[in-house]
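Bear in mind that the values in this text are calculations on the coordinates, not laboratory data. Remember, predicted model here, so these are calculated numbers, not experimental data. Neighbour counts run over all protein chains shown; Cβ positions are idealised from the backbone, glycine included.
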Amino acid sequence: ARISPRDGVLFQQLQNEAVLLDLDSGQYFGLDPVGTRIWNLLGEGKLLPDVVEAIVAEYEVEKERCEADLLKLVGDLEAQGLVSISR
């Protein structure tokens, strides 16, 4: 699956963290430094396995934990209407 930021979602990075704003709903969504890195990788068009590989290489995290956390974050972003998923 390819995950991409949805049109109408503004991204503002503030140092290592970020805020997403859905212009349609007016809802804000905050990202910690790892979430911000994931958002940037998704914005570059990376597939989920590539994102996992990058995060495992950059942070001290086991692959299984990274995969689980990534799927949870993507699920949260999808539930908030912030990303589009194409299969």
message = Could you give the length gained by full extension between residue 71 and residue 11, i.e. 0.36 nm per residue of separation minus their alpha carbon distance, to one decimal place?
response = 19.6 nm
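In the neighborhood of residue 6, defined by Cβ-to-Cβ distances under 12 Å, what is the net charge if each Lys or Arg adds +1 and each Asp or Glu adds -1? Intermediate results must be reported in sequence, preceding the final value.
Values: positive: none; negative: 7, 22, 24, 78.
Taking every other residue near residue 6 into account, the sum is -4.
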message = For a distance above 18 Å, tell me the whole-number percent of Cα pairs in the chain that qualify.
response = 38 percent
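Express the relative contact order of region 3-87 as a whole percentage, based on alpha carbon pairs under 8 Å and six or more residues apart in sequence.
Dividing the mean separation by the residue count of region 3-87 yields 32 percent.
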note = Residue-normalised 222 nm signal for the chain, counting each DSSP H run of n ≥ 4 as -39,500 (n - 2.57), nearest 500 deg cm²/dmol, is -14000 deg cm²/dmol
